[in-house]
Amino acid sequence: MDAAEFRKRGKEMVDYVADYLEKIEKRQVFPDVEPGYLRPLIADSAPQDPESFEDVFKDIEKIIMPGVTHWHSPYFFAYFPAASSFPALLADMLCGGIGCVGFSWASSPACTELETVMLDWLGKMVNLPEEFLAGKDGQGGGVIQGSASEATLIALLAARTKTIRRVQSEQPELTEAEIMGRLVAYASDQAHSSVERAALIGAVKIKNVPSDDTYSVCGSALKKVLDEDKAAGLIPFFFCATLGTTPCCSFDKLLELGPICNKENIWMHIDAAYAGSAFICPEFRHLLNGVEFADSFNFNPHKWLLVNFDCSAMWVKKRSDLIGAFKLEPLYLQHHHQESGLVTDYRHWQIPLGRRFRSLKLWFVLRMYGVKGLQEHIRKHVRLSHQFEHLVLQDERFEICAEVVLGLVCFRLKGSNELNEALLQSINDARKIHLVPCHLREKFVLRFAICSRTVESTHVKFAWQHISQLATDLLKTQEQNHHQQ
(Lines give C-alpha, C1' and ligand atoms only; values in the text may rest on other atoms or scores of the structure.)
Protein backbone atom coordinates (compact mmCIF):
# COMPACT_ATOMS: atom_id res chain seq x y z
CA MET A 1 0.00 0.00 0.00
CA ASP A 2 1.50 3.32 -1.07
CA ALA A 3 0.64 6.80 0.22
CA ALA A 4 -1.99 7.33 -2.48
CA GLU A 5 -3.85 4.14 -1.59
CA PHE A 6 -3.43 4.92 2.11
CA ARG A 7 -5.22 8.25 1.55
CA LYS A 8 -8.12 6.46 -0.15
CA ARG A 9 -8.34 3.57 2.33
CA GLY A 10 -7.83 5.87 5.31
CA LYS A 11 -10.91 7.86 4.30
CA GLU A 12 -12.88 4.63 3.91
CA MET A 13 -11.79 3.47 7.37
CA VAL A 14 -12.73 6.80 8.95
CA ASP A 15 -16.17 6.49 7.32
CA TYR A 16 -16.48 2.93 8.57
CA VAL A 17 -15.56 3.90 12.15
CA ALA A 18 -17.90 6.92 12.07
CA ASP A 19 -20.75 4.71 10.79
CA TYR A 20 -19.96 2.07 13.40
CA LEU A 21 -20.17 4.58 16.25
CA GLU A 22 -23.15 6.46 14.83
CA LYS A 23 -25.23 3.30 14.38
CA ILE A 24 -23.83 1.28 17.27
CA GLU A 25 -27.13 1.08 19.13
CA LYS A 26 -28.57 -1.02 16.29
CA ARG A 27 -26.01 -3.73 17.07
CA GLN A 28 -26.59 -6.36 19.74
CA VAL A 29 -24.49 -5.13 22.66
CA PHE A 30 -23.12 -8.54 23.68
CA PRO A 31 -21.96 -11.12 21.10
CA ASP A 32 -23.77 -14.39 20.55
CA VAL A 33 -20.73 -16.61 20.00
CA GLU A 34 -19.15 -19.60 21.74
CA PRO A 35 -15.45 -19.82 22.70
CA GLY A 36 -13.39 -20.81 19.66
CA TYR A 37 -15.88 -19.27 17.19
CA LEU A 38 -13.16 -17.43 15.24
CA ARG A 39 -10.60 -20.11 14.36
CA PRO A 40 -12.77 -21.99 11.80
CA LEU A 41 -13.57 -18.69 10.05
CA ILE A 42 -9.99 -17.91 9.05
CA ALA A 43 -7.16 -19.78 7.36
CA ASP A 44 -4.82 -22.01 9.36
CA SER A 45 -1.78 -19.88 8.58
CA ALA A 46 -0.80 -16.52 7.09
CA PRO A 47 -1.14 -16.15 3.30
CA GLN A 48 2.02 -16.53 1.18
CA ASP A 49 0.86 -13.88 -1.30
CA PRO A 50 -0.54 -10.45 -0.44
CA GLU A 51 -4.30 -10.03 -0.26
CA SER A 52 -6.20 -6.91 -1.27
CA PHE A 53 -7.48 -4.33 1.18
CA GLU A 54 -11.02 -5.08 -0.04
CA ASP A 55 -10.69 -8.73 1.07
CA VAL A 56 -9.41 -7.75 4.49
CA PHE A 57 -12.05 -5.03 4.86
CA LYS A 58 -14.89 -7.42 3.95
CA ASP A 59 -13.84 -9.74 6.76
CA ILE A 60 -14.28 -7.08 9.48
CA GLU A 61 -18.07 -7.49 9.47
CA LYS A 62 -17.91 -11.21 8.72
CA ILE A 63 -15.31 -12.33 11.28
CA ILE A 64 -14.53 -9.59 13.79
CA MET A 65 -17.81 -7.81 14.54
CA PRO A 66 -19.79 -10.97 15.45
CA GLY A 67 -17.37 -11.45 18.35
CA VAL A 68 -17.19 -7.85 19.59
CA THR A 69 -18.69 -6.65 22.86
CA HIS A 70 -19.79 -3.12 21.97
CA TRP A 71 -18.38 -1.07 24.86
CA HIS A 72 -19.55 2.19 23.31
CA SER A 73 -23.15 1.09 22.85
CA PRO A 74 -25.65 3.13 24.88
CA TYR A 75 -26.96 -0.27 26.10
CA PHE A 76 -23.61 -1.16 27.68
CA PHE A 77 -23.83 -0.72 31.47
CA ALA A 78 -21.08 -3.13 32.55
CA TYR A 79 -17.72 -2.61 34.29
CA PHE A 80 -16.94 1.12 34.14
CA PRO A 81 -16.98 3.37 31.07
CA ALA A 82 -14.27 3.07 28.41
CA ALA A 83 -13.75 6.59 27.11
CA SER A 84 -13.89 7.44 23.44
CA SER A 85 -14.38 10.57 21.38
CA PHE A 86 -13.67 11.68 17.84
CA PRO A 87 -10.85 14.10 18.85
CA ALA A 88 -9.15 11.27 20.76
CA LEU A 89 -9.45 8.88 17.80
CA LEU A 90 -7.92 11.47 15.47
CA ALA A 91 -5.06 12.06 17.92
CA ASP A 92 -4.49 8.29 18.10
CA MET A 93 -4.16 8.21 14.31
CA LEU A 94 -1.53 10.95 14.52
CA CYS A 95 0.24 9.06 17.30
CA GLY A 96 0.36 5.97 15.09
CA GLY A 97 1.52 8.04 12.13
CA ILE A 98 4.39 9.73 13.97
CA GLY A 99 5.21 6.34 15.48
CA CYS A 100 7.95 7.51 17.83
CA VAL A 101 9.03 5.48 20.87
CA GLY A 102 9.33 8.11 23.58
CA PHE A 103 11.51 6.48 26.23
CA SER A 104 13.72 9.56 26.66
CA TRP A 105 13.60 13.26 25.90
CA ALA A 106 16.08 12.81 23.06
CA SER A 107 14.07 9.97 21.47
CA SER A 108 11.34 12.55 20.72
CA PRO A 109 11.35 15.84 22.65
CA ALA A 110 7.73 16.78 21.85
CA CYS A 111 6.50 13.40 23.13
CA THR A 112 8.09 13.98 26.54
CA GLU A 113 7.42 17.69 26.92
CA LEU A 114 3.75 17.60 25.88
CA GLU A 115 3.14 14.82 28.43
CA THR A 116 4.69 16.84 31.26
CA VAL A 117 2.57 19.89 30.39
CA MET A 118 -0.66 17.89 29.83
CA LEU A 119 -0.30 16.23 33.25
CA ASP A 120 0.10 19.68 34.76
CA TRP A 121 -3.06 20.82 32.93
CA LEU A 122 -4.95 17.80 34.18
CA GLY A 123 -3.55 18.17 37.71
CA LYS A 124 -4.78 21.77 37.81
CA MET A 125 -8.21 20.65 36.53
CA VAL A 126 -8.65 18.36 39.57
CA ASN A 127 -7.04 20.98 41.81
CA LEU A 128 -4.09 18.83 42.88
CA PRO A 129 -1.73 20.39 45.44
CA GLU A 130 1.17 22.26 43.83
CA GLU A 131 3.72 19.62 44.96
CA PHE A 132 2.27 17.11 42.47
CA LEU A 133 2.89 19.37 39.47
CA ALA A 134 6.13 19.56 37.51
CA GLY A 135 5.78 23.27 36.75
CA LYS A 136 9.08 24.89 35.78
CA ASP A 137 11.06 23.66 38.77
CA GLY A 138 8.77 21.44 40.87
CA GLN A 139 9.90 18.19 42.49
CA GLY A 140 6.77 16.25 41.53
CA GLY A 141 5.07 15.68 38.22
CA GLY A 142 2.81 13.45 36.20
CA VAL A 143 3.23 10.55 33.82
CA ILE A 144 0.87 8.58 31.59
CA GLN A 145 0.81 4.87 32.48
CA GLY A 146 -0.96 2.13 30.54
CA SER A 147 -3.44 1.37 33.33
CA ALA A 148 -4.18 1.99 37.00
CA SER A 149 -2.73 -1.48 37.70
CA GLU A 150 0.64 -0.29 36.37
CA ALA A 151 0.44 2.91 38.43
CA THR A 152 -0.20 0.93 41.62
CA LEU A 153 2.67 -1.44 40.85
CA ILE A 154 5.09 1.44 40.14
CA ALA A 155 4.09 3.16 43.40
CA LEU A 156 4.48 -0.06 45.38
CA LEU A 157 7.93 -0.81 43.90
CA ALA A 158 9.12 2.75 44.52
CA ALA A 159 7.83 2.56 48.10
CA ARG A 160 9.59 -0.79 48.56
CA THR A 161 12.96 0.58 47.41
CA LYS A 162 12.57 3.72 49.53
CA THR A 163 11.70 1.72 52.66
CA ILE A 164 14.51 -0.81 52.19
CA ARG A 165 17.04 2.03 51.90
CA ARG A 166 15.63 3.81 54.96
CA VAL A 167 15.60 0.67 57.13
CA GLN A 168 19.12 -0.27 56.01
CA SER A 169 20.42 3.15 57.01
CA GLU A 170 18.76 2.78 60.45
CA GLN A 171 19.69 -0.91 60.94
CA PRO A 172 22.74 -1.68 58.77
CA GLU A 173 22.96 -5.22 60.18
CA LEU A 174 19.76 -6.24 58.30
CA THR A 175 20.12 -7.66 54.79
CA GLU A 176 17.80 -6.61 51.98
CA ALA A 177 16.24 -10.10 52.00
CA GLU A 178 15.49 -9.85 55.75
CA ILE A 179 13.80 -6.48 55.28
CA MET A 180 11.84 -7.74 52.24
CA GLY A 181 10.51 -10.65 54.27
CA ARG A 182 9.05 -8.24 56.84
CA LEU A 183 7.49 -5.67 54.50
CA VAL A 184 3.68 -5.40 54.42
CA ALA A 185 1.40 -3.49 52.05
CA TYR A 186 -2.24 -2.67 52.83
CA ALA A 187 -5.46 -1.98 50.95
CA SER A 188 -9.19 -2.01 51.61
CA ASP A 189 -11.07 -5.30 51.41
CA GLN A 190 -12.95 -3.50 48.59
CA ALA A 191 -9.79 -2.58 46.65
CA HIS A 192 -9.33 -3.74 43.07
CA SER A 193 -7.62 -7.11 42.61
CA SER A 194 -4.78 -5.32 40.78
CA VAL A 195 -3.50 -4.04 44.16
CA GLU A 196 -3.09 -7.60 45.42
CA ARG A 197 -1.46 -8.47 42.10
CA ALA A 198 1.02 -5.59 42.50
CA ALA A 199 2.06 -7.08 45.85
CA LEU A 200 2.43 -10.52 44.24
CA ILE A 201 4.70 -9.09 41.54
CA GLY A 202 6.54 -6.98 44.11
CA ALA A 203 7.10 -10.11 46.28
CA VAL A 204 5.71 -8.51 49.45
CA LYS A 205 2.92 -9.47 51.85
CA ILE A 206 -0.37 -7.62 51.49
CA LYS A 207 -3.19 -7.39 54.02
CA ASN A 208 -6.80 -6.30 53.64
CA VAL A 209 -8.01 -3.56 55.96
CA PRO A 210 -11.69 -4.16 56.79
CA SER A 211 -14.07 -1.53 55.42
CA ASP A 212 -16.98 -0.09 57.41
CA ASP A 213 -20.70 -0.31 56.68
CA THR A 214 -20.33 2.24 53.85
CA TYR A 215 -17.58 0.02 52.32
CA SER A 216 -14.92 2.65 53.19
CA VAL A 217 -11.69 2.26 55.17
CA CYS A 218 -11.42 4.62 58.14
CA GLY A 219 -8.37 5.60 60.19
CA SER A 220 -9.10 3.40 63.22
CA ALA A 221 -9.30 0.23 61.07
CA LEU A 222 -5.90 0.93 59.51
CA LYS A 223 -4.33 1.85 62.84
CA LYS A 224 -5.51 -1.41 64.43
CA VAL A 225 -3.89 -3.54 61.69
CA LEU A 226 -0.67 -1.48 61.75
CA ASP A 227 -0.31 -1.79 65.54
CA GLU A 228 -0.75 -5.57 65.38
CA ASP A 229 1.76 -5.96 62.56
CA LYS A 230 4.39 -3.70 64.11
CA ALA A 231 4.08 -5.62 67.37
CA ALA A 232 4.77 -8.81 65.36
CA GLY A 233 8.00 -7.27 63.98
CA LEU A 234 6.66 -6.51 60.51
CA ILE A 235 7.41 -3.31 58.55
CA PRO A 236 4.33 -1.56 57.12
CA PHE A 237 5.45 0.39 54.03
CA PHE A 238 2.58 0.98 51.57
CA PHE A 239 -1.14 1.72 51.71
CA CYS A 240 -3.35 1.95 48.64
CA ALA A 241 -6.42 4.09 49.32
CA THR A 242 -9.28 3.71 46.86
CA LEU A 243 -11.54 6.54 45.75
CA GLY A 244 -14.45 4.97 43.88
CA THR A 245 -14.09 1.23 44.49
CA THR A 246 -14.92 -1.13 41.64
CA PRO A 247 -17.75 -3.03 43.38
CA CYS A 248 -19.78 -0.02 44.58
CA CYS A 249 -17.84 3.25 44.10
CA SER A 250 -17.14 3.81 47.81
CA PHE A 251 -14.47 6.22 49.08
CA ASP A 252 -11.76 5.55 51.67
CA LYS A 253 -11.46 8.29 54.32
CA LEU A 254 -8.28 10.06 53.19
CA LEU A 255 -8.38 12.75 55.88
CA GLU A 256 -8.14 10.05 58.57
CA LEU A 257 -5.77 7.70 56.70
CA GLY A 258 -3.30 10.27 55.38
CA PRO A 259 -1.91 11.55 58.69
CA ILE A 260 -1.47 7.95 59.94
CA CYS A 261 0.51 7.01 56.82
CA ASN A 262 2.68 10.14 57.09
CA LYS A 263 3.42 9.50 60.76
CA GLU A 264 4.28 5.82 60.18
CA ASN A 265 6.50 6.41 57.12
CA ILE A 266 4.02 4.55 54.91
CA TRP A 267 3.72 5.49 51.23
CA MET A 268 0.08 6.38 50.54
CA HIS A 269 -1.00 5.79 46.94
CA ILE A 270 -4.49 6.86 45.87
CA ASP A 271 -6.22 4.77 43.21
CA ALA A 272 -9.12 6.82 41.80
CA ALA A 273 -9.18 4.99 38.46
CA TYR A 274 -12.85 5.65 37.66
CA ALA A 275 -13.89 8.39 40.09
CA GLY A 276 -10.92 10.69 39.54
CA SER A 277 -12.37 12.20 36.35
CA ALA A 278 -15.31 13.57 38.37
CA PHE A 279 -12.97 15.69 40.50
CA ILE A 280 -12.83 18.23 37.63
CA CYS A 281 -16.35 19.22 38.84
CA PRO A 282 -16.18 21.48 41.93
CA GLU A 283 -19.16 19.67 43.50
CA PHE A 284 -17.20 16.37 43.55
CA ARG A 285 -13.73 17.73 44.37
CA HIS A 286 -14.29 17.29 48.15
CA LEU A 287 -14.00 13.53 47.55
CA LEU A 288 -10.27 14.11 46.94
CA ASN A 289 -9.71 16.08 50.16
CA GLY A 290 -6.71 14.51 51.91
CA VAL A 291 -4.73 14.01 48.70
CA GLU A 292 -2.21 16.42 50.23
CA PHE A 293 -1.06 13.53 52.49
CA ALA A 294 -0.48 11.16 49.55
CA ASP A 295 2.81 10.28 47.86
CA SER A 296 1.18 9.30 44.56
CA PHE A 297 -2.23 9.65 42.93
CA ASN A 298 -3.73 8.02 39.84
CA PHE A 299 -6.88 8.15 37.76
CA ASN A 300 -7.87 7.02 34.27
CA PRO A 301 -8.90 9.66 31.73
CA HIS A 302 -9.44 6.57 29.53
CA LYS A 303 -12.42 5.64 31.69
CA TRP A 304 -14.51 8.77 32.03
CA LEU A 305 -12.76 11.71 30.39
CA LEU A 306 -13.33 10.93 26.69
CA VAL A 307 -9.68 9.98 26.06
CA ASN A 308 -9.58 6.49 24.58
CA PHE A 309 -7.51 3.65 26.05
CA ASP A 310 -4.71 3.68 27.12
CA CYS A 311 -4.21 6.83 29.17
CA SER A 312 -3.82 6.42 32.94
CA ALA A 313 -2.63 9.60 34.64
CA MET A 314 -0.29 9.26 37.63
CA TRP A 315 1.31 11.96 39.75
CA VAL A 316 4.04 11.77 42.39
CA LYS A 317 5.09 14.33 44.97
CA LYS A 318 8.76 13.45 44.61
CA ARG A 319 9.74 12.16 41.21
CA SER A 320 13.17 11.30 42.65
CA ASP A 321 11.40 8.45 44.54
CA LEU A 322 10.42 6.82 41.24
CA ILE A 323 13.59 7.59 39.36
CA GLY A 324 15.68 6.40 42.32
CA ALA A 325 13.96 3.02 42.19
CA PHE A 326 14.19 2.33 38.45
CA LYS A 327 17.09 4.26 36.98
CA LEU A 328 19.55 2.43 34.74
CA GLU A 329 21.71 4.31 32.25
CA PRO A 330 23.23 2.15 29.47
CA LEU A 331 25.26 4.17 26.99
CA TYR A 332 22.76 3.65 24.12
CA LEU A 333 20.04 5.44 26.11
CA GLN A 334 22.14 8.40 27.27
CA HIS A 335 21.92 11.85 25.71
CA HIS A 336 23.50 15.29 26.15
CA HIS A 337 20.59 16.97 27.95
CA GLN A 338 19.76 14.32 30.53
CA GLU A 339 21.47 16.09 33.44
CA SER A 340 20.07 19.54 32.60
CA GLY A 341 17.30 19.38 35.22
CA LEU A 342 14.80 20.54 32.57
CA VAL A 343 14.51 17.10 31.07
CA THR A 344 12.34 14.13 31.97
CA ASP A 345 13.22 10.66 30.74
CA TYR A 346 9.93 8.83 31.30
CA ARG A 347 11.49 5.38 31.02
CA HIS A 348 12.48 5.83 34.70
CA TRP A 349 8.83 6.33 35.66
CA GLN A 350 7.36 3.11 34.25
CA ILE A 351 7.76 -0.65 33.72
CA PRO A 352 8.28 -0.79 29.93
CA LEU A 353 11.06 1.05 28.16
CA GLY A 354 9.01 2.08 25.13
CA ARG A 355 5.98 4.35 25.19
CA ARG A 356 3.53 5.77 22.67
CA PHE A 357 2.82 9.48 22.14
CA ARG A 358 -0.27 9.24 24.35
CA SER A 359 -0.35 12.88 25.46
CA LEU A 360 -1.61 13.86 21.98
CA LYS A 361 -5.00 12.36 22.93
CA LEU A 362 -5.16 14.46 26.08
CA TRP A 363 -4.11 17.58 24.20
CA PHE A 364 -6.77 17.16 21.50
CA VAL A 365 -9.57 16.28 23.95
CA LEU A 366 -8.80 18.95 26.56
CA ARG A 367 -8.64 21.63 23.86
CA MET A 368 -11.65 20.52 21.82
CA TYR A 369 -14.03 19.88 24.74
CA GLY A 370 -12.65 22.43 27.17
CA VAL A 371 -13.03 21.95 30.92
CA LYS A 372 -16.71 22.96 30.68
CA GLY A 373 -17.52 20.36 28.02
CA LEU A 374 -15.88 17.61 30.06
CA GLN A 375 -17.67 18.72 33.24
CA GLU A 376 -20.99 18.54 31.38
CA HIS A 377 -20.18 14.99 30.22
CA ILE A 378 -19.54 13.89 33.84
CA ARG A 379 -22.61 15.67 35.18
CA LYS A 380 -24.87 14.13 32.55
CA HIS A 381 -23.72 10.61 33.50
CA VAL A 382 -24.27 11.35 37.21
CA ARG A 383 -27.78 12.66 36.45
CA LEU A 384 -28.57 9.47 34.52
CA SER A 385 -27.38 7.23 37.37
CA HIS A 386 -29.67 9.09 39.79
CA GLN A 387 -32.50 8.66 37.29
CA PHE A 388 -31.91 4.89 37.31
CA GLU A 389 -31.65 4.88 41.12
CA HIS A 390 -35.01 6.69 41.29
CA LEU A 391 -36.63 4.08 39.00
CA VAL A 392 -35.30 1.22 41.16
CA LEU A 393 -36.55 2.85 44.37
CA GLN A 394 -40.09 3.10 42.96
CA ASP A 395 -40.30 -0.71 42.70
CA GLU A 396 -40.61 -2.28 46.15
CA ARG A 397 -39.33 -5.64 44.85
CA PHE A 398 -35.84 -4.11 44.53
CA GLU A 399 -33.29 -2.55 46.86
CA ILE A 400 -30.34 -0.15 46.40
CA CYS A 401 -27.22 -1.62 48.02
CA ALA A 402 -24.78 1.30 48.27
CA GLU A 403 -24.94 5.08 48.15
CA VAL A 404 -25.10 6.42 44.58
CA VAL A 405 -22.40 9.11 44.41
CA LEU A 406 -21.26 9.14 40.77
CA GLY A 407 -22.32 7.07 37.75
CA LEU A 408 -22.75 3.62 39.35
CA VAL A 409 -25.90 2.11 40.86
CA CYS A 410 -25.68 -1.15 42.85
CA PHE A 411 -29.09 -2.83 43.12
CA ARG A 412 -30.73 -6.23 43.50
CA LEU A 413 -34.03 -8.00 43.91
CA LYS A 414 -34.92 -8.44 47.58
CA GLY A 415 -34.35 -12.14 48.11
CA SER A 416 -31.69 -14.78 47.72
CA ASN A 417 -28.39 -14.59 45.85
CA GLU A 418 -29.63 -17.39 43.58
CA LEU A 419 -32.61 -15.24 42.57
CA ASN A 420 -30.30 -12.35 41.61
CA GLU A 421 -27.90 -14.66 39.79
CA ALA A 422 -30.86 -15.92 37.75
CA LEU A 423 -31.96 -12.34 37.03
CA LEU A 424 -28.50 -11.35 35.81
CA GLN A 425 -28.33 -14.48 33.67
CA SER A 426 -31.64 -13.65 32.00
CA ILE A 427 -30.55 -10.01 31.43
CA ASN A 428 -27.29 -11.02 29.75
CA ASP A 429 -28.86 -13.93 27.85
CA ALA A 430 -31.39 -11.53 26.31
CA ARG A 431 -28.41 -9.44 25.08
CA LYS A 432 -30.42 -6.21 24.92
CA ILE A 433 -28.26 -4.59 27.61
CA HIS A 434 -25.06 -5.75 29.31
CA LEU A 435 -24.37 -5.78 33.08
CA VAL A 436 -21.81 -7.37 35.41
CA PRO A 437 -22.24 -8.25 39.11
CA CYS A 438 -20.26 -7.77 42.31
CA HIS A 439 -20.30 -9.09 45.86
CA LEU A 440 -21.03 -6.69 48.70
CA ARG A 441 -20.31 -8.67 51.85
CA GLU A 442 -22.42 -11.81 51.36
CA LYS A 443 -24.80 -10.29 48.84
CA PHE A 444 -24.75 -10.93 45.07
CA VAL A 445 -25.41 -7.48 43.59
CA LEU A 446 -26.05 -6.14 40.08
CA ARG A 447 -24.00 -3.13 38.99
CA PHE A 448 -25.51 -0.58 36.60
CA ALA A 449 -22.78 1.76 35.33
CA ILE A 450 -23.51 4.68 33.01
CA CYS A 451 -20.86 4.15 30.34
CA SER A 452 -21.41 5.32 26.77
CA ARG A 453 -20.66 8.85 25.58
CA THR A 454 -23.97 8.74 23.69
CA VAL A 455 -26.21 7.25 26.40
CA GLU A 456 -29.43 9.19 27.03
CA SER A 457 -32.37 9.11 29.40
CA THR A 458 -34.33 6.96 26.89
CA HIS A 459 -31.68 4.21 27.06
CA VAL A 460 -31.77 4.22 30.87
CA LYS A 461 -35.59 3.99 30.87
CA PHE A 462 -35.46 1.16 28.32
CA ALA A 463 -32.91 -0.70 30.45
CA TRP A 464 -35.05 -0.38 33.57
CA GLN A 465 -38.25 -1.52 31.80
CA HIS A 466 -36.35 -4.48 30.40
CA ILE A 467 -34.88 -5.44 33.81
CA SER A 468 -38.24 -4.95 35.50
CA GLN A 469 -40.05 -7.17 32.94
CA LEU A 470 -37.41 -9.93 33.24
CA ALA A 471 -37.76 -9.75 37.04
CA THR A 472 -41.56 -10.15 36.70
CA ASP A 473 -41.12 -13.19 34.42
CA LEU A 474 -38.53 -14.72 36.74
CA LEU A 475 -40.65 -14.28 39.87
CA LYS A 476 -43.68 -15.73 38.06
CA THR A 477 -41.69 -18.82 36.96
CA GLN A 478 -40.37 -19.28 40.49
CA GLU A 479 -43.88 -19.06 41.92
CA GLN A 480 -45.20 -21.64 39.41
CA ASN A 481 -42.35 -24.00 40.27
CA HIS A 482 -43.08 -23.50 43.94
CA HIS A 483 -46.76 -24.44 43.46
CA GLN A 484 -45.86 -27.50 41.42
CA GLN A 485 -43.70 -28.79 44.24
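The values are calculated or read from the model by the stated rules, or taken from the named source; none is laboratory data. All values reported here derive from a predicted model rather than from experimental measurement. Because the Cβ atoms are built from the backbone with ideal geometry, glycine has one as well, and the counts that use them run over all protein chains shown. Each accessible area value is taken on the protein alone, full model and side chains, heavy atoms only, with ligands, DNA and RNA left out. Shrake-Rupley method; radii C 1.70, N 1.55, O 1.52, S 1.80 Å.
Could you tell me whether Arg441 is within 25 Å of the chain's Cα centre (by Cα), under 30 Å from His286 (Cα atoms) and modelled with pLDDT under 95?
Values: within 25 Å of the chain's Cα centre (by Cα): yes; under 30 Å from His286 (Cα atoms): yes; modelled with pLDDT under 95: yes.
When the stated conditions are applied, Arg441 passes them.
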His70 vs (1) touching a residue at least 60 places away in the same chain (Cβ under 8 Å); (2) under 25 Å from His377 (Cα atoms): all pass except (1)
When you scan segment 393-403, how many residues do you find that are under 16 Å from Pro437 (Cα atoms) and open to solvent by less than 40 Å² (accessible area, probe 1.4 Å)? 3
Being touching a residue at least 40 places away in the same chain (Cβ under 8 Å) and open to solvent by 10 Å² or more (accessible area, probe 1.4 Å) is the filter; apply it to segment 230-243 and report the residue that is nearest to Trp267 (Cα to Cα). Pro236
How many residues does segment 450-471 hold that are among the β-branched types (Val, Ile, Thr), part of a helix (DSSP H, G or I) and surrounded by fewer than 18 Cβ atoms within 10 Å (Cβ to Cβ)? 1
Of all residues in segment 281-290, which are surrounded by fewer than 23 Cβ atoms within 10 Å (Cβ to Cβ) and not in a loop (DSSP other than H, G, I, E, B)? Pro282, Glu283, Phe284, Arg285, His286, Leu287
Return yes when Val126 is touching a helix residue (DSSP H, G or I) at 6+ places or on another chain (Cβ under 8 Å), modelled with pLDDT of 95 or more and of a type outside the set (D, E, K, R) and no when it is not. yes
Pairs returned, first residue in segment 29-55 that is without any contact (Cβ under 8 Å) to a residue 24 or more places away in the chain, second residue that is open to solvent by less than 80 Å² (accessible area, probe 1.4 Å) and hydrophobic (A, V, I, L, M, F, W, C), beta-carbon separation under 7 angstrom, 6 or more apart or interchain, are Leu41/Ile63; Ile42/Ile63
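Condition check ((1) of a type in the set (Ser, Thr, Tyr); (2) under 30 Å from Arg367 (Cβ atoms)) across all residues:
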| site | (1), (2) |
| --- | --- |
| Glu12 | no, yes |
| Glu25 | no, yes |
| Asp55 | no, no |
| Ile60 | no, no |
| Thr112 | yes, yes |
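Out of Leu306, Leu384, report the one residue that is outside any helix (DSSP H, G or I) and either surrounded by fewer than 18 Cβ atoms within 10 Å (Cβ to Cβ) or at pLDDT 95 or above (or both). Walk me through how you get there before you give the answer.
Values: Leu384 fails: outside any helix (DSSP H, G or I).
None of the others qualify; the one that does is Leu306.
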I'm trying to understand the selection: among the residues of segment 166-180, which are assigned to a helix (DSSP H, G or I) and farther than 12 Å from Phe237 by Cα? Gln168, Ser169, Glu170, Glu176, Ala177, Glu178
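Residue-by-condition table, conditions (1) surrounded by 13 or more Cβ atoms within 10 Å (Cβ to Cβ); (2) charged (D, E, K, R):
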{"residue": "Val14", "(1), (2)": "yes, no"}
{"residue": "Asp19", "(1), (2)": "no, yes"}
{"residue": "Glu22", "(1), (2)": "no, yes"}
{"residue": "Asp32", "(1), (2)": "no, yes"}
{"residue": "Pro47", "(1), (2)": "no, no"}
Quick check on segment 309-317. Is at least one of its residues touching a strand residue (DSSP E or B) at 6+ places or on another chain (Cβ under 7 Å) and part of a loop (DSSP other than H, G, I, E, B)? yes
Inspect all residues belonging to segment 156-168 and state whether any of them is crowded, with 23+ Cβ neighbours inside 10 Å and out of contact with any helix residue (DSSP H, G or I) (no Cβ under 6 Å at 6 or more places or on another chain). yes
Could you tell me whether any residue of segment 183-197 is among the β-branched types (Val, Ile, Thr), over 23 Å from Leu374 (Cβ atoms), touching a Leu at 6+ places or on another chain (Cβ under 8 Å) and not in a helix (DSSP H, G or I)? yes
Consider Arg412 against the criteria (1) open to solvent by 30 Å² or more (accessible area, probe 1.4 Å); (2) within 21 Å of Thr214 (Cα to Cα); (3) among the basic types (Lys, Arg): it satisfies all of them except one. Which criterion is unmet? (1)
So, in segment 51-103, of the ones that are among the polar types (S, T, N, Q) and open to solvent by less than 30 Å² (accessible area, probe 1.4 Å), which residue ends up nearest to Phe448 (Cα to Cα)? Ser73
Which residue is modelled with the lowest pLDDT, if the candidates are limited to segment 169-193 and must be among the hydrophobic types (A, V, I, L, M, F, W, C) and surrounded by 14 or more Cβ atoms within 10 Å (Cβ to Cβ)? Ala191
Please go through segment 247-273 and pick out each residue that is farther than 12 Å from Ser216 by Cα, open to solvent by less than 10 Å² (accessible area, probe 1.4 Å) and part of a helix (DSSP H, G or I). Gly258, Cys261
Asp137 fails exactly one of the following numbered conditions: (1) farther than 13 Å from Leu362 by Cα; (2) among the acidic types (Asp, Glu); (3) within 22 Å of the chain's Cα centre (by Cα). What is the number of that condition? (3)
Looking across segment 202-214 at residues that are touching a residue at least 24 places away in the same chain (Cβ under 8 Å) and closer than 18 Å to Glu178 by Cα, the single one that is most open to solvent (accessible area, probe 1.4 Å) is Lys205
Restricted to segment 392-417, and to residues that are in contact (Cβ under 8 Å) with a residue 24 or more places away in the chain and over 23 Å from the mean Cα position of the chain (by Cα), which residue is nearest to Thr69 (Cα to Cα)? Arg412
Any idea which residue in segment 404-449 is nearest to Phe77 (Cα to Cα), counting only those that are touching a strand residue (DSSP E or B) at 6+ places or on another chain (Cβ under 9 Å) and assigned to a loop (DSSP other than H, G, I, E, B)? Leu435
